[in-house]
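Reviewing the structure listed below.
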Amino acid sequence: MRASSFGAVAAILVLQTASAAAAAAPEIVTTDVTRFYQLYEATSAHPTVEQLDQYVVTGTPALQEFAKARNVTGARIAEKMAASPATYADARRCLAVLPAVSQRLTVAFAKLASVYPAAKFPPVTIVVGRGRPVGITSPAGVTIGLEALCAADFMDPNIEDRFVHNVAHEYGHIQQSDAQQALEPGQPDATVLRMSLMEGAAEFIAELISGDVGNYQHKAATKGKEAAIERAFVRDQDKTDLSAWMYNGPGDTDHPGDLGYWVGYRIVKSYYAHARDKRAALKEIFDLRDPKQFVAKSGWKPAR
């Protein structure tokens, strides 16, 4: 190849790389957090229900969607603030990590754009809610409850890491098919296996693009118990009662919570590791249709 042609190709590659990086740069919206803490300071940490209602209804579209989806109202925020004032006082320490979180997510999202060019990059909005949930996703973006994630000390003790890996986890959900995102506990298809693969896929994507999973606590909680956990999982995989595996909180040393996330992550990671075409594998992970077939192709077996 002539030098001039090589230079032209190199220039195109640079432009393509720059365009991908720009597309992957996360928009992290923190205006709701700013407004909440302005109100918090102005009222000496005792805003009225009416003021909190106004905070919600005049917030970003993401905050309003979050409020509607998870019943966040001024009354419920006030109730949580009265019952646990430290939750809201302590959450201010997490404000300081948000600039570094944004920088690291820029790198993580660029990695996602590289490994999966079809990826979507809606904004991330940080809000203040009623202490739960930690986060939700929709086609419009990722919404994270600052006070909820800040208080989740059972997760990664490094707050910056906790925010980065949990946002990356939620971005895994963003890439999933509409059918997967529409699944809710209690539906006939929402089995332990299917829901665990859905959450496990998000955990795997978090690790792939940001360096670690969101549910950091599972590393210690599962050590030496892998075989027993996975055998029990196989026994329960077809159940629609998720209470032993999903959305059951941190648990304790003897009964750690949300272990479906951990087993699902291990299955998805095995699927990706065994795939020759990694981009095709990611599409299959995001478009999961047949959980049993997916497990069979993954090469995963319960630990012994």
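The values are calculated or read from the model by the stated rules, or taken from the named source; none is laboratory data. Predicted model, so just to flag it, every value in this text is computed and none were measured. All Cβ positions, glycine included, derive from the backbone under ideal geometry; neighbour counts span all protein chains shown.
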>> Which pairs turn up if I take residues in region 138-166 that are not assigned by TED's automatic domain parsing to the domain that holds A86 and look for partners that are crowded, with 21+ Cβ neighbours inside 10 Å and modelled with pLDDT of 95 or more with beta carbon separation below 8 Å, at least 6 apart in sequence or on another chain?
In response: none
>> So A273 passes all but one of these: (1) assigned to a helix (DSSP H, G or I); (2) surrounded by 17 or more Cβ atoms within 10 Å (Cβ to Cβ); (3) more than 21 Å from the chain's Cα centre (by Cα). Which condition number does it fail?
In response: (2)
>> Restricting to region 231-254, name every residue that is more than 23 Å from the chain's Cα centre (by Cα) and of a type outside the set (A, V, I, L, M).
In response: R231, R235, D236, D238, K239, T253, D254
>> Going by what's in this entry, would S44 be described as assigned to a loop (DSSP other than H, G, I, E, B), outside the structural domain of I205 (by TED's automatic domain parsing) and surrounded by fewer than 21 Cβ atoms within 10 Å (Cβ to Cβ)?
In response: yes
> Here are some residues: F121, F204, F154, F109. Which one is of a type in the set (F, W, Y), assigned to a loop (DSSP other than H, G, I, E, B) and under 28 Å from D277 (Cα atoms)?
Replying inline: F121
> Could you say whether any residue in region 239-250 is assigned by TED's automatic domain parsing to the domain that holds R194, of a type outside the set (K, R) and not in a loop (DSSP other than H, G, I, E, B)?
Replying inline: no
> Just one of A75, A83 is surrounded by fewer than 18 Cβ atoms within 10 Å (Cβ to Cβ), over 18 Å from I136 (Cα atoms), in contact with a helix residue (DSSP H, G or I) (Cβ under 6 Å, 6 or more places away or on another chain) and in the same structural domain as G129 (by TED's automatic domain parsing); which is it?
Replying inline: A75
>> Just the residues that are touching a residue at least 40 places away in the same chain (Cβ under 8 Å), touching a helix residue (DSSP H, G or I) at 6+ places or on another chain (Cβ under 8 Å) and farther than 15 Å from A202 by Cβ, please, taken from region 260-283.
In response: K278, R279
> If you scan region 242-258, which residues turn out to be out of contact with any strand residue (DSSP E or B) (no Cβ under 8 Å at 6 or more places or on another chain), within 15 Å of K219 (Cα to Cα) and not β-branched (V, I, T)?
Replying inline: G251, D252, D254, H255, P256
> Does region 192-219 hold any residues that are modelled with pLDDT of 95 or more and basic (K, R), and which are they?
Replying inline: R194
>> Let me spell it out: the conditions are (1) over 22 Å from the mean Cα position of the chain (by Cα); (2) outside any helix (DSSP H, G or I), and V213 meets all of them except one. Which number is the exception?
In response: (1)
>> Of the residues D156, D178, D189, only one is of a type in the set (D, E, K, R), surrounded by 15 or more Cβ atoms within 10 Å (Cβ to Cβ) and modelled with pLDDT under 95; which?
In response: D156
